[in-house]
Structures are given as C-alpha cells and as structure tokens.
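Colleague: Please read through the structure below; I'll follow up with questions.
The values are calculated or read from the model by the stated rules, or taken from the named source; none is laboratory data. All values reported here derive from a predicted model rather than from experimental measurement. In this analysis, Cβ positions are derived from the backbone assuming ideal geometry, glycine residues included, and neighbour counts consider all displayed protein chains.
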Amino acid sequence: MSAQTQANEHAPTRAHVLIIVENLPLPFDRRVWQQAGALRDAGYAVSIICPTAEGYRERYVEIDGIAIHRHPLPNLPGAGWAYPLEYAAALFWQLRLTTRIARRRRVDVIHACNPPDTIFLVAGLARPFGVRFLFDHHDLCPELFVAKFGRSGVMYRLMRALERATFALAKVSIATNDSFKQIACTRGGMAEEDVFVVRSGPNLDRIRALDPDPSLRKGRAHLVGYVGVMGEQEGLDDLLRMVADIVHERGRTDIQFCLVGFGPSLKSLRTLAKQLLIDEYVDFPGRLDGDALMRVLSSADICISPDPKNEMNDHSTMNKILEYMALGKALVQYDLIEGRASAADAALYARAGDRRDFADKILELIDDPALRQQLGDIGRRRIEDLLAWHHEVPKLLAAYDRVLS
C-alpha cells in the first residue's frame, strides 16, 4: 500500500478542516503550514483563517490546494491593555470568516492554534452544528503574559480562565512537547488519551544547506546566526549586551552576528545596538524565508538561542533550535528543560541568567572547529532519526482520527 493511499484512509469523505491562527500569517507559520499540508495529503479539505502582515496582504489566496482567508488586525502598542482590543478584533474577523466559509462548505473540525486562548468562542458557537474542536496548544498564554510584562494580576487570572475554558471545550488537544501534554492533563483536566504530542519538527525537504555567502561575514573571520521573533521575551536585548562584552571587553572584533526575524522589538533592538556601539558587528536583515534564510544559516559557524529561563521558555520547544540542528549547526542556549530535550548533546548550555557564561560558550565554539563539527553532526542525526517532520505526521493523523471518532 502506498503512503498516499494509507494517508487517505484517515480522511472520511474529505472532511473539511478549518484552521484558525491569530498571531502569524500563513504560509509563514511553519508549524501550521506543515500541518495543513499533511492534512491535505491525507485527503482532508483545508481552509485557514489568519491575519494579514507585511508580505502577506492578499485577503484570499489558494496555495497548493489550501484556501487561506486573511483579515486585518489593528496596529496597537505592545502594552497589556492593548491585548483585549487586538483579541476582540481578531474574534470579530474569525467569526465573520468562519460563517462565510461554512456557508460555502460544511466545516467538520475547527483546529484552533493559540495564542490567544479565545478561539474556543468560535468553536463553541459552531458546536451545535456538529463541528468538532481540536485545540493546538502552541504557547502557555498565562506564562507568556508574565514573561512579557513581569506581573500577574487581573489579566493573568483572565488568561488562566480562558485556558481552562479552551481545554474544557476541546475534544482533542495537540501538545508541542511532553511538558505541554502534562499541563493539558493537569491544569487543563484533559484525559491523557485525548492529548497527542506533535512536535514542530523541521521538514527536511525544505531545510537544506546552501553554499555559504562570504559577504555576510562583513570581512570578519566568523559568523554567528540567529533566527526568530524579535520580541521582548526572546532575550535579544541581553544578547546585544553579550555582543558588546565580546567586542569591547574581550577585544574580539573577528565575529559578525546576523539576527534574522521581525517583531515588535526590532526597531528598539537596532537602536540598542547603536547605543552599545556594536551596530557594525550586528546585522538585522528583518524577515527572511526560503533560500535567503537558508543562506544565512548555512553561512553561520554557530547558531544561538538566547531565550532566558522562565516558566514559559522552560516548557516551550524553540523551532529555531530544531532548524539549526537540521542544518548541522552547533548551538549555544541556556539550560532549559525543553531546550535540552530537543538538542541533547548537540548544544553547549549556559547557566541560567549568566550572560558572561553564555558569551564564554559562544567563544568556546567559535574557537574549536572540531567541537563545532561534532555537535553539528549529533544534531543532524538527531533530527533525521527522531525529530524531523515526517516522524510527526502519523501522530497528527492519529489526533484527527480521535477527534472525528
């Protein structure tokens, strides 16, 4: 039996899946796009609701047989009070577009990807029409709020309530790792058999090494790479201070840093680099994808994941770590529970909160080509043998068997 024939057995009469995402556009969101493609290949009809963003302005587009419906979101400051306004606007569009899509074709499953934990309201209104609800748990929203704003209070308690309501309504939940599954079963009260761990494994057909681009080094001997969101909780302000220490205190002017990504902190990070007098050592090319992203990472000697240790990061799987490993890159990160679960022996681990130790680890890898090669080889084998996306597809399809049972 062929893989395609086997996959098609999972989709009864081409069930229609509606995936709702609030924080990233498609197909930019790699995890969701891989899931959508796997469901399409298994015979499901797939529609997606997501926001617009720079480079993703078309309100409706069909790509590879997947229908993408995009909606605008208000451009609000990153203050805590702005989140309810953003979530209300998103909810309005999600309800409107869900109704429009369902009029054209019956929806069988709503697949909600947080943050935020408000999409269950759309699923709740659709439930009387026989629509099943699958919750795809990407982020710990209460912990994310604390990581961003350093406090709990009324908004934190509201987010805990929304999280409980989401789990209560979901027939099946998908967790990105074992830590998230434990939270779904304890804090969320879900039965263990209704929670499926589907990791954000890299697709080895998409992630491939390209010839290095020497120009990215700006004439320096070494290149350190980073890819990810430019946000407050990613530890990038601390990283820039590490770079300042490496350049100004240790006299290492032979290392260039390329930090790829976009987000609410990008402008302030560029300003901070100038204030620290390291702007000539740090490039911020913004959002890159496809070959442009692969070229930067392929050119890097090592890669970094400076996310600080806190309740959210400790239990989250960082996609960038898996992408670094897929390209055979040694990396430095803080010693986080799920970060170590992903990388194992493919990384050097700095002590939590110790910027100087993190900088030491960067220089240790930069100055030891044999160690870089050893850790890079371990990471690549770990992806191929355990963590690549093709290992996760059967788990995703098993979750859909469960939600439609």
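Colleague: From the set of residues in the stretch 148-161 that are surrounded by fewer than 21 Cβ atoms within 10 Å (Cβ to Cβ) and touching a residue at least 40 places away in the same chain (Cβ under 8 Å), which is farthest from GLN233 (Cα to Cα)?
Modeller: Among residues in the stretch 148-161 that are surrounded by fewer than 21 Cβ atoms within 10 Å (Cβ to Cβ) and touching a residue at least 40 places away in the same chain (Cβ under 8 Å), the one farthest from GLN233 (Cα to Cα) is MET155.
Colleague: Within the stretch 334-356, how many residues are at pLDDT below 95 and under 10 Å from SER305 (Cβ atoms)?
Modeller: So the answer is 0.
Colleague: Across the stretch 232-249, what is the total count of residues that are closer than 26 Å to GLU143 by Cα and touching a residue at least 60 places away in the same chain (Cβ under 8 Å)?
Modeller: Looking only at that region, the number is 9.
Colleague: In this structure, is ARG356 within 19 Å of ALA326 (Cβ to Cβ), in the same structural domain as GLY235 (by TED's automatic domain parsing) and either assigned to a helix (DSSP H, G or I) or not charged (D, E, K, R) (or both)?
Modeller: The answer is no for ARG356.
Colleague: Might you let me know whether the stretch 199-219 holds any residue that is exposed (fewer than 15 other Cβ atoms within 10 Å of the Cβ), under 26 Å from ALA350 (Cα atoms) and in contact with a Phe, Trp or Tyr (Cβ under 8 Å, 6 or more places away or on another chain)?
Modeller: No, that holds for no residue.
Colleague: Looking only at helices (runs of 4 or more DSSP H) that lie completely in the stretch 150-268, which have at least 1 residues being more than 29 Å from ASP357 (Cα to Cα) and not assigned by TED's automatic domain parsing to the domain that holds ARG127?
Modeller: none
Rundown of residues vs (1) closer than 21 Å to ALA341 by Cβ; (2) modelled with pLDDT under 95, yes/no style:
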{"position": "ALA184", "(1), (2)": "yes, no"}
{"position": "ASP194", "(1), (2)": "no, no"}
{"position": "VAL197", "(1), (2)": "yes, no"}
{"position": "ILE207", "(1), (2)": "yes, yes"}
{"position": "LEU216", "(1), (2)": "no, no"}
{"position": "GLY219", "(1), (2)": "no, no"}
{"position": "HIS222", "(1), (2)": "no, no"}
{"position": "GLY225", "(1), (2)": "no, no"}
{"position": "GLY228", "(1), (2)": "yes, yes"}
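Colleague: Right, next: One residue is enough: does the stretch 104-126 have a residue meeting the conditions acidic (Asp, Glu), farther than 17 Å from PRO25 by Cβ and touching a residue at least 60 places away in the same chain (Cβ under 8 Å)?
Modeller: Checked against the condition, which is being acidic (Asp, Glu), farther than 17 Å from PRO25 by Cβ and touching a residue at least 60 places away in the same chain (Cβ under 8 Å), the stretch 104-126 yields at least one hit.
Colleague: Then there's this: Give the number of residues within the stretch 156-186 that are of a type in the set (Lys, Arg) and in contact with a helix residue (DSSP H, G or I) (Cβ under 7 Å, 6 or more places away or on another chain).
Modeller: Final tally of qualifying residues: 2.
Colleague: For THR98, state whether it is under 18 Å from SER316 (Cβ atoms) and part of a helix (DSSP H, G or I).
Modeller: No.
Colleague: Run down ARG127, ARG100 and say which single residue is closer than 18 Å to VAL21 by Cβ, of a type outside the set (A, V, I, L, M, F, W, C), at pLDDT 95 or above and in the same structural domain as ASP178 (by TED's automatic domain parsing).
Modeller: Just a single option satisfies the conditions, and that option is ARG100.
Colleague: Exactly one of these conditions fails for SER316: (1) more than 19 Å from the chain's Cα centre (by Cα); (2) among the small types (Gly, Ala, Ser); (3) not in a helix (DSSP H, G or I). Give me its number.
Modeller: SER316 satisfies every listed condition except (1).
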